[in-house]
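Structure first, commentary second.
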Amino acid sequence: MRLHVLDHPLIAHKLTVLRDKTTPSPVFRQLVEELVTLLAYEATREVRVEEKEIETPVAQTIGRKMADPRPLVVPILRAGLGMLEGMTRLVPTAEVGFLGMVRDHDTLEITTYANRLPDNLAGRQCFVLDPMLATGGTLVAAIEYLLDLGARDVTAVCLLAAPEGLERVAKDIGHRAEVTIVTAAVDERLDEHAYIVPGLGDAGDRLYGVVD
Ligand code: URA
């Protein structure tokens, strides 16, 4: 597993506003988009391109364009949806699939309640959007889902990661595929409710409000 923790003053600034519990949902949503666009820049560093001959107003030259098949962006519902706009702003021609996964607050068990993905992901570069890499349970389940469909090149974009989650992804997935994690910060630990400390709280609730 490869881990990229982005060290940039703008990322640190935006993340600090996100962490602040007084930041209201509309500002939180806007900042998540902006932060994801910055993370996406790093996450797509190895996106596949191919040569393309073009004519500028002055001369012919060889440039590069994104290769087919296009990358697949997979937000994990619900909170990952808040990251989609920030990602597709940078990669507008990417295809988008969806995975709906929910973690039971008591048992921490993960259930997949929705999926909309191509049947065959062989040869596809996949970018999973999951804001909080906490226990790693959801991300491991999502990556396994993609691997079972043939994907071998998976990058997870997370706003925050906990050491426990990183360890779990490395242990559970490391032997099956080369997975890259791009995040704005690795926090201290998880609390007894599996929240990231200091974290930013429940990302879904902060994006969309509490749903009971
Ligand atoms: N999910 C969240 O939204 N926040 C956490 O801190 C952990 C998991």
Only one of V157, V210, V186 is within 14 Å of the ligand (Cβ to nearest atom) and within 20 Å of A40 (Cα to Cα); which? V186
Name the residue, out of A170, A194, A141, that is farther than 16 Å from R103 by Cβ and either surrounded by fewer than 21 Cβ atoms within 10 Å (Cβ to Cβ) or away from the ligand (no atom under 16 Å from the Cβ) (or both). A170
Criterion: within 16 Å of the ligand (Cβ to nearest atom), over 16 Å from I76 (Cβ atoms) and modelled with pLDDT of 95 or more - qualifying residue of P92, P163: P163
Looking at A122 and the list (1) free of Cβ contacts under 8 Å to residues at least 60 places away in the same chain; (2) within 14 Å of the ligand (Cβ to nearest atom), which single condition is not satisfied? (2)
Can you say whether M132 is over 18 Å from V5 (Cα atoms), surrounded by 14 or more Cβ atoms within 10 Å (Cβ to Cβ) and among the aliphatic types (A, V, I, L, M), as far as the supplied structure shows? no
Any residue in segment 132-149 that's in contact (Cβ under 8 Å) with a residue 60 or more places away in the chain and at positive phi: show its pairings with residues that are within 16 Å of the ligand (Cβ to nearest atom) and part of a helix (DSSP H, G or I) at Cβ separation under 8 Å, as long as the two are six or more apart or on different chains. none
Number of positions in segment 168-183 that are farther than 17 Å from V47 by Cβ and touching a His at 6+ places or on another chain (Cβ under 9 Å): 1
So the check is Cβ under 9 Å with 6+ separation or different chains; which pairs have a first residue in segment 198-211 that's farther than 17 Å from V36 by Cα and polar (S, T, N, Q) and a second one that's outside any loop (DSSP other than H, G, I, E, B) and more than 6 Å from the ligand (Cβ to nearest atom)? none
Screening G204, G165 for residues that are within 21 Å of M87 (Cα to Cα) and among the small types (G, A, S) leaves only G204
D119 vs (1) assigned to a loop (DSSP other than H, G, I, E, B); (2) under 18 Å from the mean Cα position of the chain (by Cα): all pass except (2)
Among (1) on the phi < 0 side of the Ramachandran plot; (2) within 14 Å of the ligand (Cβ to nearest atom), which single condition is E178 missing? (2)
Could you tell me which of the residues R176, R124, R189 is surrounded by 15 or more Cβ atoms within 10 Å (Cβ to Cβ) and more than 14 Å from the chain's Cα centre (by Cα)? R124
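The values are calculated or read from the model by the stated rules, or taken from the named source; none is laboratory data. Since the model is a prediction, treat every value here as computed from it, not as a measurement. Virtual Cβ from ideal backbone geometry, glycine too; neighbours counted across all protein chains shown.
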